[in-house]
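Report on one structure; see the data block that follows.
Just so you know, all these numbers are worked out from the coordinates, no wet-lab data involved. Because the structure is a prediction, the values reported are computed rather than measured. Quick reminder, even Gly has a Cβ in these numbers, built from the backbone with ideal geometry, and neighbours come from all protein chains shown.
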Amino acid sequence: MDLNYTPEDEAFRAEVRTFIEENQPQHLKGRKRGEYREKEDFLAWHRTLYKKGWLVPSWPAPYNTVTWSPTQKYIWNEENARAETPAILPFGVAMVGPVIYTFGTPEQKERFIPGILSGDVWWCQGYSEPGAGSDLASLKTSAVREGDHYIINGQKTWTTLAQFADWIFVLARTDKNAKAQEGISFFLVDMKTPGITVKPIIMMDGGHEVNEVWFDNVKVPVENRIHEENKGWTCAKFLLSHERAGIAGVARSKNAIGRLKDMLAMEKIDGEKLIDDADFERKIAELEIDLTALEYTELRTLASEQAGKGPGLESSILKIKGTEIQQRITELVMEGVGYYALPFSDPLAHNEFAPGPEYAEGVTQHYANMRKTSIYGGSNEIQRNIIAKMVLGL
Amino acid sequence: MDFSFTEEQTLLRNSVQKYLQNTYDFDTRRKVAKSEAGWRKEAYAYFAENGLLGAAIPEDFGGLGGSAVDTMIIAEEFGRALVIEPFLQNAVIAAGFLKAGGTNAQKEELLPAIAGGEAIYAFAYAEPQGRYNLADLTTTATKSGNGYTLNGQKAVVVGAPFAGKLIVTARTSGGQRDADGVTVFIVDKSAKGVSTRDYPTVDGQRASEVTLENVTVGADAVIGEVGGGLKLVEKVTDEAIAALAAESTGAMKVLNDTTIEYSKTRKQFGTPIGKFQVLQHRMVDMFMNYEQSVSITYMVTLKLEEEEAERKKAASAAKVQIGKAGRFIGQQAVQIHGGMGMTDELNVGHYFKRLTVIDTMFGNVDHHLKRYASLS
């Protein structure tokens, strides 16, 4: 057992820190995704990393130009969180990309991978449906084969940032008579295909982050199906278990706690700094300790991955604890600003009057928005079921 | 010991319920909250005409002569419908100041207009540095001629965009956080030197940042004792806390009912999700949180006229209970509704946000835990 980084790891950290300092998009530093205005804001850091060759260190040859150890990836995440760089959108590089290079034909790889890497093609995820959330395999969107096409009908929902998307990857039912998981196929669909309608869903924070995507007799060429017909669930499962590193968000939570403490040092209670208030001190201490335990849980997972054992089912722990901590941070930020938690900051309008200190803007909306983290990506109840069944054998 | 309501109180509840069911559905409320005006004058006029604003104002001053129990009933029903018109600021707070601190002349002049809905007030007490400490004031009122000159900045004055008058706390003497030296004033919003910047709040209400720059008022603008206003402010805010507690139980009840209903119809894995034991226990906890909040709301409502220390403890206890319960119920209602609970379209998120704001109003859980402990 050794908690120290090797000299090579330290050298790596110095290298990435310098690179980030010199290249990160300064105007986006520390901004929440809900505050991005332009499509290009989501892509700026992606494009920079692509140029540098650091976009996909987890991908296999021939796509990657570097191969980082799990420790190096961890350091990379830490340094990005520290510098508050924009998070890379996962839909291309962490989701559909790995499905395509794993299950796609050579033609599909050649056609789709370059756009994913360059960022020129924006992907979104067509998984959840109104009746299929936690129980994804009950999805009803259908794809019926007609000659060299499939005709897709149905509705997807909670489709993140579909308003910007060029392509969508879709799970659709190709065999109604098979067992739920066995009759599903995985399709790549051009969002410009006739019959696709995107409808915005406004969330309780006032933001437009997710959408409904409707399919009305959408014609999709057979060559856009990934893997065999009715093997879509294999792709879906692979995608869900792939690249869980960073799921706990430890580095970004650490940074968020740092920001919280800076804020508490500026807030006053009875003339004293709020950060010196005994109640608040205790809450921050509890939060930091919780995060420290999670950090070392993640490091243990990393070490076992490094030893070639794969990420394992512990990733459910990382998801549950990681999201609980993220939510707790937003609660404390909201509590910290007192009455200035009340003003509504309209994410769809520009230059509205924002009362109170700058750090107070939108904090209650952020608190409300982050309730999503214990719902999405397999709700925390589902994650607990997974641990009960797969780890505890219950 | 008797927790039953009188026949009049039951009639009051029924008539408020009926009015809100007919005119205050969720979609209407949502539209009104987003409209330019931000409230409906006709709804407020209805409250006035039907005695809701004057329910707890003495008959001699244009009211119906009811008690805090009537206020509790109305506030609870308003909580169920997420009413945004400024009932709390007027029927509870402005009327509360005048009832407890006003001279007979002030009562005669001002209370009937509150009961009648003609005069609209907002309570400007919070300041950017003051957090929940009601005595932490940098706004000053200095003697000038027969009256006073006010200077200062008031933060997050809820309901101020609708108001014609402000109830302002200011320091007439003493240091920034001294208990002595606080005075309560009535200030016309249209008076020279008053400027406001209006904005919406996360729960669909409206508020203003208020700046007072050499605003002059007469000696008759003072409510209560010069320099001795803090006790009055505490009494009135404790009454406001009781009303907020009642409002929150109304909101909690809707969230619990909605969540239980949803869990019976929403199927995943071939089963209504309400059949999953983990969610059953969660909803039982939500139910217990609600019942505990109702109990403490009754307690604080019945203790508002007790001696000061007893009343303060009751108010702080209630604020802690409803703050914790409101957060738990709000979060779990969203969680059990899944993505739908996060949308602007469904009512769940709106109740969640209102309960979140109620926790902040007049001091959050931490503040009232401390206050309670200091009184024990």
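Between B:Lys264 and B:Ser376, what FRET efficiency follows from the Cβ-Cβ distance if R0 is 60 Å, with the result rounded to 0.05?
Numbers: r = 43 Å, r/R0 = 0.72.
Once rounded, the FRET efficiency stands at 0.90.
Neighbour counts of other C-beta atoms within 10 Å: give me A:Cys124, A:Cys235 arranged from fewest to most.
Details: A:Cys124 28, A:Cys235 23.
Ascending number of Cβ neighbours within 10 Å: A:Cys235, A:Cys124.
If you plug each phi of region B:49-59 into the Karplus form 6.51 cos²θ - 1.76 cosθ + 1.60 with θ = phi - 60°, what whole-Hz ³J(HN,Hα) values come out, in order, with x for Gly and Pro?
4, 9, x, 6, 6, x, 3, 10, 9, x, 4
Can you pull the Rg over Rh of region B:7-119, Cα-only, Kirkwood?
On the way: Rg = 14.0 Å, Rh = 14.3 Å.
My calculation puts Rg/Rh at 0.98.
Rule-of-thumb check for region B:253-362: C-alpha Rg over 2.2 N^0.38 Å? Intermediate values should be presented prior to the final figure.
On the way: Rg = 16.1 Å, N = 110, 2.2 N^0.38 = 13.1 Å.
Compactness ratio reported: 1.23.
List the aspartates and glutamates whose Cα lies under 14 Å from the Cα of A:Lys319, skipping any in the same chain that are fewer than 8 positions away.
Within the straight-line cut-off, A:Lys319 pairs with A:Glu243, A:Asp290, A:Glu295, A:Glu298, A:Glu381.
What is the Cα centroid distance between region B:230-279 and region A:1-33, reported in whole angstrom?
45
Expressed in nm², what is the orientationally averaged projection area of the convex hull enclosing the Cα positions of chain A? Could you put the intermediate results ahead of the total?
On the way: hull surface 85.7 nm².
Taking a quarter of the hull surface, the average projection is 21.4 nm².
Quick one: A:Arg328, A:Arg111, fewest Cβ neighbours within 10 Å first, how do they rank?
Working: A:Arg328 18, A:Arg111 15.
Final ranking by Cβ density, sparse to dense: A:Arg111, A:Arg328.
Per 10 Å bin, what percent of the C-alpha pairs of region A:1-152 does each bin hold, from zero upward?
9, 30, 31, 20, 7, 2, 0
Checking the cross-link filter: which lysines have an alpha carbon closer than 22 Å to that of B:Lys18, excluding same-chain neighbours under 8 positions apart?
Straight-line reach from B:Lys18, under 22 Å: B:Lys31, B:Lys41, B:Lys253.
Would you please name the chymotrypsin sites (Phe, Trp or Tyr not before Pro) within region A:292-371 that are DSSP coil residues with at most 15 other C-beta atoms within 10 Å of their C-beta?
Details: sites: A:Tyr296, A:Tyr339, A:Tyr340, A:Phe344, A:Phe353, A:Tyr359, A:Tyr367; in loops: A:Phe344, A:Phe353.
Passing sites in region A:292-371 are A:Phe353.
Can you give me the C-alpha center-to-center distance between region A:61-111 and region A:128-184, rounded to a whole angstrom?
After rounding, the separation between the Cα centres reads 25 Å.
Could you work out, for the protein assembly as shown, what percent of all Cα-Cα pairs fall into each 10 Å distance bin, beginning at 0 Å and stopping at the bin that holds the largest distance?
The distribution over the protein assembly as shown is 2, 13, 22, 23, 17, 12, 8, 3, 0, 0, given as percents.
Sequence gap at least 6, Cα distance under 8 Å: using those rules, report the relative contact order of region A:70-185 to the nearest whole percent. Walk me through the numbers before you get to the answer.
Working: 136 pairs, mean separation 25.2, N = 116.
Over region A:70-185, the number comes to 22 percent.
Between helix A:315-336 and chain A, what is the angle of the helix's C-alpha long axis to the longest principal axis, kept within 0 to 90° and rounded to the nearest 10?
That works out to roughly 40 degrees.
Give the separation of the Cα centroids, region B:45-63 to region A:252-268, in Å.
If we compute the Cα centre of each part, the gap is 47 Å.
A 27 angstrom limit on the alpha carbon distance is what I want to check against. Which of A:Lys32/B:Lys264; A:Lys321/B:Lys370; B:Lys34/B:Lys312; B:Lys99/B:Lys189 exceed it? Provide the component values of the computation, followed by the final result.
Details: A:Lys32/B:Lys264 36 Å; A:Lys321/B:Lys370 29 Å; B:Lys34/B:Lys312 36 Å; B:Lys99/B:Lys189 22 Å.
Pairs exceeding 27 Å: A:Lys32/B:Lys264; A:Lys321/B:Lys370; B:Lys34/B:Lys312.
Hey, what angle do you get for helix B:365-375 against the long axis of chain B, alpha-carbon based, 0 to 90 degrees rounded to 10?
Tilt relative to chain B: about 60 degrees.
Could you run the Debye sum over the Cα atoms of region A:7-88, one equal point scatterer each and no solvent, and tell me log10 of I(q)/I(0) at q = 0.15, 0.22, 0.26 Å⁻¹, two decimals?
The Debye formula, applied to the Cα set alone, gives -0.55, -1.10, -1.37.
Which percent, nearest 5, of DSSP beta bridges in chain A are antiparallel? Don't skip to the answer; put the middle values down first.
Values: 33 of 38 bridges.
Beta bridges within chain A, antiparallel portion: roughly 85 percent.
Under 23 Å between alpha carbons: how many lysine pairs meet that in region A:158-250, if sequence neighbours fewer than 8 apart on the same chain are excluded?
Numbers: A:Lys176/A:Lys219; A:Lys176/A:Lys231; A:Lys176/A:Lys237; A:Lys179/A:Lys231; A:Lys179/A:Lys237; A:Lys192/A:Lys219; A:Lys199/A:Lys219; A:Lys219/A:Lys231.
For region A:158-250, the number of qualifying lysine pairs is 8.
Per residue of chain A, what 222 nm ellipticity follows from adding -39500 (n - 2.57) for every DSSP H run with n ≥ 4, rounded to the nearest 500?
Values: 11 runs with 157 residues, N = 394.
That calculation yields -13000 deg cm²/dmol at 222 nm.
For a distance above 41 Å, tell me the whole-number percent of Cα pairs in chain B that qualify.
Details: 8292 of 70500 pairs.
Tail fraction, whole percent: 12.
Run the helix sum for chain B: -39,500 (n - 2.57) per DSSP H stretch of 4+ residues, divided by residue count, reported at 222 nm to the nearest 500 deg cm²/dmol.
On the way: 11 runs with 186 residues, N = 376.
Counting only the DSSP helices, I get -16500 deg cm²/dmol.
Mind checking which aspartates and glutamates have their Cα closer than 13 Å to the Cα of A:Lys261? Skip sequence neighbours fewer than 8 apart in that chain.
Straight-distance partners of A:Lys261: A:Asp276, A:Asp277, A:Glu281, A:Glu288, A:Glu335.
Helix B:7-23 against the longest principal axis of chain B: what's the angle in degrees, Cα atoms only, rounded to the nearest 10?
Orientation of helix B:7-23: about 80 degrees from the principal axis.
Based on the Kirkwood radius over alpha-carbon pairs, what is the Stokes-Einstein translational diffusion coefficient of region A:122-232 at 20 °C with 1.002 mPa s viscosity, in µm²/s?
Working: Rh = 13.9 Å.
It comes out at roughly 154 µm²/s.
Please arrange B:Tyr125, A:Tyr50 by counting, for each residue, the other beta carbons lying within 10 Å of its beta carbon, fewest first. It would help to have the intermediate numbers written out before the result.
On the way: B:Tyr125 26, A:Tyr50 20.
Ranked by crowding around the Cβ, least crowded first: A:Tyr50, B:Tyr125.
Please list log₁₀ I(q)/I(0) at q = 0.12, 0.14, 0.16, 0.19 Å⁻¹ for region B:122-227, using the Debye equation with identical point scatterers on the alpha-carbon positions.
Listed by q, the Debye log ratios stand at -0.35, -0.48, -0.63, -0.88.
Looking at region A:301-389, which GluC sites (Glu not before Pro) are DSSP coil and have at most 15 other C-beta atoms within 10 Å of their C-beta? Walk me through the numbers on the way to the answer.
Details: sites: A:Glu305, A:Glu314, A:Glu324, A:Glu331, A:Glu335, A:Glu352, A:Glu358, A:Glu361, A:Glu381; in loops: A:Glu314, A:Glu352, A:Glu361.
Here the sparse-neighbourhood loop sites are A:Glu352.
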